[in-house]
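Comments concern the structure below.
Bear in mind that the values in this text are calculations on the coordinates, not laboratory data. Note that the coordinates shown come from a computational prediction; the quantities given were computed from them, not determined experimentally. Virtual Cβ from ideal backbone geometry, glycine too; neighbours counted across all protein chains shown.
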Amino acid sequence: MAQSNTRADLREELRGAAVEPLLPIEKKLIGWSLTIGLVLLVGLALLNHFAPVAF
């Protein structure tokens, strides 16, 4: 019962919270993270294509 009340309180707090825009540095970090992830994914796909591992 206490857990349900806590969740309801948390929901009310989140509804009342102001929306904060992302800072420029946060946008850069998100962009860099996505770019690095995509480059590594493509690199691994190319590595698998040209040098497949046989079991």
For the chain, what does the helix formula give at 222 nm: sum of -39500 (n - 2.57) over DSSP H segments with n ≥ 4, over the residue count, nearest 500 deg cm²/dmol?
-26500 deg cm²/dmol
Computed from these coordinates, which is Rg/Rh (Cα atoms, Kirkwood Rh): (i) 1.39; (ii) 0.89; (iii) 1.19?
(i)
If one takes the longest principal axis of the Cα atoms in the chain, at what angle in degrees, from 0 to 90 and to the nearest 10, does the Cα axis of helix 24-50 lie?
30
Sorting P24, L10, L46 by the position of each Cα along the dipole of the chain (Lys, Arg +1; Asp, Glu -1; all at Cβ), the one nearest the positive end of that ordering is L46
